[in-house]
1. Report yes if some residue within region 56-68 is surrounded by 14 or more Cβ atoms within 10 Å (Cβ to Cβ) and without any contact (Cβ under 8 Å) to a residue 24 or more places away in the chain; otherwise report no.
2. For region 142-193, give me the residue count where each residue is farther than 17 Å from residue 267 by Cβ and of a type in the set (Val, Ile, Thr).
3. Can you tell me which residue among 19, 11 is surrounded by fewer than 17 Cβ atoms within 10 Å (Cβ to Cβ) and either aliphatic (A, V, I, L, M) or modelled with pLDDT of 95 or more (or both)?
4. Tell me which helices (runs of 4 or more DSSP H) are completely within region 1-116 and hold 3 or more residues being small (Gly, Ala, Ser) and more than 28 Å from residue 156 (Cβ to Cβ), or say none if there are none.
5. Restrict the check to region 263-273 and report whether at least one residue is more than 28 Å from residue 154 (Cα to Cα), out of contact with any strand residue (DSSP E or B) (no Cβ under 7 Å at 6 or more places or on another chain) and in the same structural domain as residue 127 (by TED's automatic domain parsing).
6. Give me a count of the residues in region 363-407 that are within 30 Å of residue 134 (Cβ to Cβ), out of contact with any helix residue (DSSP H, G or I) (no Cβ under 6 Å at 6 or more places or on another chain) and outside any loop (DSSP other than H, G, I, E, B).
7. Give me the pairs: first residue in region 73-93 and more than 13 Å from residue 55 (Cα to Cα), second residue among the hydroxyl-bearing types (Ser, Thr, Tyr), beta-carbon distance under 7 Å, and six or more apart or on different chains, which are they?
8. Looking at 418, 396, 388, which one is modelled with pLDDT of 95 or more, of a type in the set (Val, Ile, Thr) and either farther than 28 Å from residue 98 by Cα or assigned by TED's automatic domain parsing to the domain that holds residue 202 (or both)?
Amino acid sequence: MKKLAVSIFEQTLDFVKPQKVLENALEWDSYNNILKIDHTKYTLSKERPLYVIGFGKASAEMAGYVEGVLGNTIVDGMIITTKESLQKLNRIQVFEGSHPLPDEQSLSSSLEIHSFIKTIPKEAHVLTLISGGASSLFCLPNDKLEIEDISQLYKLLVQSGATIQEINTVRKVFSSVKGGQLLDHLKHTTLIDLIISDVSDDDLSMVGSGPTIPQKISASDAFQISKQYQLYEKMPHSLRSFLASEMHDEVLSQKKRVTVDFVNHRSFIVASASMLTKHAASLLEAEGYKTIIDEKAWSGSIHEFEDRILKVIKSNASVSSPTALLFFGECTIKVTGEGLGGRNQELALRMAKHLKEFDRDIIFLSAGTDGIDGPTDAAGAVVDQNTIYEAEKKGISAETYLSENDSYHFFDEFGDHIKPGGTGNNLMDLQIVLIP
């Protein structure tokens, strides 16, 4: 049953590969030079040429497919992706950035693409490829701030237990590109966003911090979040000073910054976590399982998510036919230990403790669709009702590892890691519960 759970996860990853979802989303009529996306047609010409920009973990895979279809129709292009996803393309330049924390590489690549965007001519079509991870990869701080301080802020936010919505609310205040700020540089073009969504409810303002999505940017909201998670005093001094200045301006103007959209701009979601989960359900149904999907993407704390999953398992623990429970989203962890791990491995280990209380087979899998859970080479782990008993026989204490946020080394010693390698994609996390 563990092997089945892992197989379903891997088959689902294959289904949502960027090349496959773009194949379904794009239609190219080379004879008439018409690009069709979801019933919307764009006619390309010498007067209205095509440029490509992109940022995110999946942007290289997306760019590779787009270049393969459109070829020399693309005048020029530039994207930023992770080291693991780098590839050489003919028409589109591929730059490297750092994830989950931005560094000098992210900064230099972001400066390159920002300069490139300013050279795109009037009336051009711009295809923007956006996916999860863009917040760190495409990171251009406000002119007054240093990338080292921004990186420290990202680290504080990721470890705080704040939701992705709260994290991005803070991030965009300190940025010169997030929160729709790229729109000012592209309003003379026809802008077409192709987005792989890695956030709950597919809120596009939050995918990669929404560089091309009009939205509100609030220093006051960022301050409240930083105080709520006790981050303000830990921030570098330059960031505190900048935030105070931005709040002062908000008070004087009595309004928050708002980025503005323009007519020739459309955003298309080509893949999302809900699409991924529904495909996993169809695979399980083909295996004879009744499937129950927890319809809303999770974005709360790991404690609340753990309680939610356990509640659903308990309500289905007496079923007499094979049943699969499916969850998706990204929970948050407040890191207090010095260990190594990620939210999926820690969630799997926490659930293993609960599963030992059941007197029937129950399998639990939690894994990240990018193939990387936190700063590790694992996507997640799979456990069952015997995991804790088997670990104890080997003298391995789950409690000890959990207290140090060291789930990676638990599974490294015990087994049951899931390691598909970097997928070049990012559609949040998937949890599968099998009750055979």
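1. So far as region 56-68 goes, no, none of its residues is surrounded by 14 or more Cβ atoms within 10 Å (Cβ to Cβ) and without any contact (Cβ under 8 Å) to a residue 24 or more places away in the chain.
2. Final tally of qualifying residues: 9.
3. When all the criteria are applied, what remains is 11.
4. 59-70
5. For region 263-273, residues more than 28 Å from residue 154 (Cα to Cα), out of contact with any strand residue (DSSP E or B) (no Cβ under 7 Å at 6 or more places or on another chain) and in the same structural domain as residue 127 (by TED's automatic domain parsing): present.
6. Qualifying residue count for the region: 0.
7. 75/51; 76/51
8. Going through 418, 396, 388 in turn, just one is modelled with pLDDT of 95 or more, of a type in the set (Val, Ile, Thr) and either farther than 28 Å from residue 98 by Cα or assigned by TED's automatic domain parsing to the domain that holds residue 202 (or both): 388.
The values are calculated or read from the model by the stated rules, or taken from the named source; none is laboratory data. The structure displayed is predicted, hence computed values, not measured ones. Please note: Cβ atoms are built from the backbone with ideal geometry, for glycine as well, and neighbour counts cover all protein chains shown.
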